[in-house]
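Take a look at the structure below.
The values are calculated or read from the model by the stated rules, or taken from the named source; none is laboratory data. Owing to the predicted nature of the structure, the values given are computational and were not obtained by experimental measurement. Note that each Cβ is placed from the backbone with ideal geometry, even for glycine, and that neighbours are counted across all protein chains shown. Heads up: the accessible areas ignore ligands, DNA and RNA and are worked out on the full protein's heavy atoms, side chains in. Shrake-Rupley method; radii C 1.70, N 1.55, O 1.52, S 1.80 Å.
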Amino acid sequence: MKYAKLFNRFQTPQSAPIPGSNQVRNAAGGFVWTLDRWAVLDRFLILGSESGTYYASPVVLTQENAANVVALIQEHGEKVVLRICEVSLEGRAPRNDPAIFALALCASLGNDQTRAAALQALPYVCRIGTHLFQFAEICNGLRGWGRGLRRAIGTWYNAKPIADLEYQAIKYKQREGWSHADLLRLAHPVPASPSHGALYKWIVDGEQTEPLPRIEAMARLAKAADANEAAEIVRMARLPREAVPTEWLTDAAVWEALLEQMPMMAMIRNLATMTRVGLLTPGSEATRMVLAELGSANRIRKARIHPMAILLAQRTYAAGQGHRGSGTWAPVPAVVDALDQSFATAFDNVEPTGKRYLLGVDVSGSMGMPVNGSPITACEIATAMAMITVGTETNVTPMAFADEFRQLPLSRRMRLDDALRHTRDQNFGRTDCSLPMQYAMKNWLPVDVFVVYTDNETWFGRIHPAQALVQYREAMGIDAKLIVVGVTATACTIADPNDRGMLDVVGFDTNVPTVMREFAIA
Ligand code: CA
C-alpha cells in the first residue's frame with residue numbers, strides 16, 4: 001500500500017482513525033467520535049441500557065452510562081437533575097426507568113446541593129407509586145436511609161391530595177419488593193391532614209378510623225352479587241382495574257365502567273382485553289369512545305403518550321393474540337387504523353421544510369437487537385423514525401444500508417406495521433454508514449439533508465461517513481447536512497463534532513421532529 005493511502009485525512013478506511021482527529025474505536029472495531037457527556041445522558045434517558053446492545057451486555061452498557069452520569073454529577077449535579085426532570089416531565093422517553101435511575105444516582109452520589117435538588121425533584125420524576133418503589137429500591141443499593149431521604153419520601157405522600165393517594169394505595173400496592181406500608185414505616189411522616197393520617201393508618205396497620213370512600217367501595221366490590229352490581233360500584237367509586245377482583249375482569253359491563261374513567265395509557269394497554277371480553281366491537285359505543293380518544297392529538301399529548309407505547313400497542317393489538325398465552329381476540333380494524341395514525345401525532349408536529357432529504361436506515365446485523373427493555377429493535381425504531389420524516393416532508397428518498405445500499409419503499413400512506421415489515425427480521429451484513437453519501441454522489445442526487453439512523457457501530461467502509469459528506473459537498477456544490485439518529489445508548493457517533501453541519505439526535509425522543517426541522521432550515 002502507498003503512504004498516501006495509509007495516512008490520508010480526506011479518505012480514511014473506517015478501521016483506522018482519521019489522521020489528526022480524536023476518534024476512538026467503537027465496539028465493532030471501526031473509528032468514530034465520542035459524544036459529549038450531555039448527549040450521552042440524553043441517549044441514556046431516552047433509550048435506556050437495560051437491553052444492552054449487540055456488542056454490550058446490559059450490565060456493561062449500564063455501567064458505562066452510570067459512569068457518565070456520575071462524571072456529570074461531579075461537575076454539574078443540579079444541571080443533571082434539571083435535565084432528568086425535563087425529559088421525564090415532557091414525556092420524551094418511552095420509559096421513565098432511566099430517569100428514575102439517574103435521579104437516584106444524583107440523590108445518592110452527588111454533593112449536598114445535588115442530593116437536595118434530586119430529593120426535591122422526587123415527586124416530579126416519580127409521579128406514581130411504582131416509580132417511587134423503583135427509586136427506593138435503587139437508593140437502597142446506593143446509600144443509607146438518612147434523614148433527607150426519609151423526609152423526601154414522607155413529603156411525597158403528604159403532598160399528594162387524598163383522593164390521588166387513595167388511588168395510588170389501591171393501584172400500586174407493592175412493586176419492586178417495596179410497599180407503601182414499608183415506605184410509610186421508614187419515612188414516618190407527620191400526616192398533612194386527618195384524612196392523610198387515616199389513610200396511612202389503613203395502609204400500615206390495615207385499620208380504618210375514618211371514612212375512606214374508595215377503600216370501602218373495594219370491600220363492597222369483593223362481595224358484589226353480579227357483574228352489574230360490580231360495574232356500578234366501579235363506576236361510582238371510580239375504581240381502577242387493579243382494584244377489581246379477577247372474576248369480574250372477564251365481563252364487558254365491568255370493563256365499560258372501567259373505560260369511562262380510564263387514563264389514556266391504561267386504555268391503550270387494555271385494548272386487547274376490552275376486545276376479548278366483547279366490549280370493543282365494530283361500531284359499538286365503547287369503540288366510538290376509544291376512537292375519539294385515539295383520534296385526539298390534544299388528548300394524546302396531554303396524557304404524554306409516547307409513540308413507542310403506541311407502536312407496541314399497535315403491534316400486539318393487530319396480531320390478535322397475546323405474547324404469553326393471554327388469549328386471542330378479533331382486532332377491530334378501525335382501532336388498528338386509529339393506533340396507526342396516532343403514532344405520528346404523539347411526536348411534535350412540524351411543518352415540512354421543503355428540503356431534499358435522503359434517509360439511510362441501518363439494517364446491518366447489529367440493528368436487530370431489542371432496545372429499551374421492549375421487543376422493539378433498534379432497526380424498527382430507525383424505520384419508525386424514518387416514517388415520521390416520510391410523512392412530513394415532500395422530497396424524501398428513503399433507503400436502507402448495511403454493506404450495500406438498497407431501496408426502502410416507504411411511502412406517506414403506508415401503515416406503520418407495513419413499513420416495519422420492510423426492515424424487520426432482515427438484519428444482516430457488515431456496516432458502512434458512509435453509503436448514503438456515497439450513493440448520492442455517485443448518482444448526482446441533490447440532497448440538502450442526509451439522515452442516518454444507526455447504532456454508530458460502523459467499521460466496514462473505505463471512507464468515514466463524515467469524509468464522504470465533505471466529498472459530497474465539494475462535488476455537488478451543496479452545503480449538505482448530516483443528522484445522525486442514534487438508536488442505542490452508547491457514547492459513539494459518526495457525526496464530526498467540529499463540523500457544524502452535522503447533528504446528533506436520539507431515536508424516539510419526541511422532540512426529534514422539531515430539532516431536525518430547526519437544524520435543516522438553519
Ligand atoms: Ca452494524
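Full extension of the chain segment joining Glu260 with Glu210 gains 15.2 nm, where the gain is 0.36 nm per residue of separation less the Cα-Cα distance. Only helices enter the 222 nm calculation for the chain: every DSSP H run of n ≥ 4 contributes -39,500 (n - 2.57), and dividing by all residues gives -15000 deg cm²/dmol, rounded to 500.
Cross-link pairs exceeding 27 Å in C-alpha to C-alpha distance, out of Lys79/Lys173; Lys79/Lys201; Lys201/Lys302; Lys160/Lys201; Lys171/Lys302; Lys171/Lys201, comprise Lys79/Lys173; Lys79/Lys201; Lys201/Lys302.
Modelled spin-label separation between Phe7 and Trp444, with each label point placed 7 Å from Cα along the Cα-to-Cβ direction: 3.8 nm. For Glu247 and Thr281, the FRET efficiency from 1/(1 + (r/R0)^6), where r spans their Cβ atoms and R0 equals 25 Å, is about 0.65.
Quick one: pull the percent of accessible area on the chain belonging to carbon and sulfur, 1.4 Å probe, ligands and nucleic acids left out. List each step's numbers first, then the result.
Working: 11770 of 22730 Å².
Solvent-exposed carbon and sulfur of the chain make up 52 percent of the total.
Averaging Cα coordinates gives a centre for the range 283-353 and one for the range 165-220; these two points are 34 Å apart.
Straight-distance candidates among the lysines for linking to Lys355, with alpha-carbon spacing under 29 Å and chain neighbours fewer than 8 residues away dropped: Lys442, Lys481. Just to confirm my numbers, what's the Cα centroid distance between the range 99-159 and the range 394-462 in Å? Spelled out, the Cα-based centre of one part sits 43 Å from the other. A viscosity of 1.002 mPa s and a temperature of 20 °C, combined with the Kirkwood radius over Cα pairs in Stokes-Einstein, give a translational diffusion coefficient for the range 1-41 of 189 µm²/s.
What does the extension gain come out to for Trp38 and Glu351, with contour length at 0.36 nm per residue minus their alpha carbon separation? Present the calculation step by step, with values, prior to reporting the outcome.
Details: separation 313, 0.36 × 313 = 112.68 nm, distance 2.79 nm.
Extending this stretch completely gives an extra 109.9 nm.
Rounding to the nearest 10 and keeping the result within 0 to 90°, find how far the Cα-based axis of helix 162-171 lies from the longest principal axis of the chain. That works out to roughly 80 degrees.
Here the range 243-289 was treated as a single set of alpha-carbon atoms; its pair distances binned every 10 Å from 0 give 28, 64, 9 percent. Once the Cα atoms are used to define both axes, helix 307-319 deviates from the longest principal axis of the chain by about 80 degrees.
Given the Cα-Cα distance of Ala163 and Val24 and 0.36 nm per residue of separation, how much length would full extension add, in nm? List each step's numbers first, then the result.
Numbers: separation 139, 0.36 × 139 = 50.04 nm, distance 5.38 nm.
Length difference between fully extended and current span is 44.7 nm.
Every Cα-Cα pair of the range 141-276 was included, and the share exceeding 23 Å stands at 42 percent. Radius of gyration (Cα atoms) of the range 37-214, expressed as a multiple of 2.2 N^0.38 Å: 1.08.
Per the Kirkwood formula on distinct C-alpha pairs, the Rh of the chain is how many angstrom?
Values: mean 1/r = 0.0400 Å⁻¹.
Evaluated on the chain, it is 25.0 Å.
Across the alpha-carbon atoms of the range 357-521, the computed radius of gyration and Dmax are 14.3, 44 angstrom.
Taking R0 as 51 Å, what's the FRET efficiency between Ser193 and Arg413 from their Cβ-Cβ distance, rounded to 0.05? So, using R0 = 51 Å, E works out to roughly 0.40.
Hull volume per residue, based on the alpha-carbon atoms of the range 262-345 and their convex hull, is 79 Å³.
Taking a point 7 Å out from the Cα of Asn140 in the direction of its Cβ, the residues of the range 99-114 whose backbone N falls within less than 18 Å of it are 100-105, 107-108.
Between the helical axis of 194-205 and the longest alpha-carbon principal axis of the chain there is an angle of about 80 degrees.
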